[in-house]
1. Residue by residue through segment 24-49, note down the ones that are among the aliphatic types (A, V, I, L, M), assigned to a helix (DSSP H, G or I) and at pLDDT 55 or above.
2. Within segment 96-133, which residues are surrounded by 16 or more Cβ atoms within 10 Å (Cβ to Cβ), under 15 Å from the mean Cα position of the chain (by Cα) and among the small types (G, A, S)?
3. Looking at segment 1-33 only, could you name the residues that are within 11 Å of the chain's Cα centre (by Cα), in contact (Cβ under 8 Å) with a residue 60 or more places away in the chain and surrounded by 14 or more Cβ atoms within 10 Å (Cβ to Cβ)?
4. Do we find that I86 is modelled with pLDDT of 80 or more and within 16 Å of S132 (Cα to Cα) in this structure?
5. Which residues, counting only those in segment 1-41, are under 27 Å from I129 (Cβ atoms) and polar (S, T, N, Q)?
6. What pairs come out if I take residues in segment 65-85 that are closer than 17 Å to F101 by Cβ and pair them with residues that are surrounded by 12 or more Cβ atoms within 10 Å (Cβ to Cβ) and among the polar types (S, T, N, Q) whose C-beta lies under 6 Å away, six or more apart or interchain?
7. Can you give me the number of residues within segment 95-133 that are within 19 Å of D69 (Cβ to Cβ) and in contact with a Ser or Thr (Cβ under 7 Å, 6 or more places away or on another chain)?
8. Looking at this structure, is T90 crowded, with 17+ Cβ neighbours inside 10 Å and in contact (Cβ under 8 Å) with a residue 60 or more places away in the chain?
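The values are calculated or read from the model by the stated rules, or taken from the named source; none is laboratory data. This one's a predicted model, so the numbers in the text were calculated from it and none came from an experiment. Because the Cβ atoms are built from the backbone with ideal geometry, glycine has one as well, and the counts that use them run over all protein chains shown.
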Amino acid sequence: MLNIKTQLGNINFSQNIINKIVTECVKNVGDRVILLNYKGKYMNVVPGLASKMNLYDEEAGCIHADETDQGIRINVYIAVRFGVSIKKVTREIINSIYENFEKFMGEKPARVTVTVTGTFSKNIAKRHIEVSR
């Protein structure tokens, strides 16, 4: 849970709100990117249902958010469609996350890391490429 102190008091943001903001940023990229867990696999039904019921604190391993002294650190795990520029797509996702956090929460995250766990066309080919800012 993220806590932000303002002049009016404390504001608490749950993990689900952070997941929703990041998921919308990834969906804005289109069908060039899909969310996968840190192992490069699709979200299973059980962790997905558990995350919807607030029994599991992350969106089935696709999005990790940690609060530090400097701010919030976000790790996002994705797969990129074969032939799409990883540099351009990850830059677009990171910029979108920074903009949306600034707009909705009033402060930017300390660090955003997008990890490309694979590329996909018909099948998923495993990769592990980290892009952060």
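1. V26, L49
2. S96
3. Hits for segment 1-33 are I21, V22, C25, V26.
4. Taking the combined requirement at face value, the residue satisfies it.
5. Across segment 1-41, the qualifying residues are Q15, N19, T23, N28, N37.
6. N75/T113
7. Here the count works out to 5.
8. no
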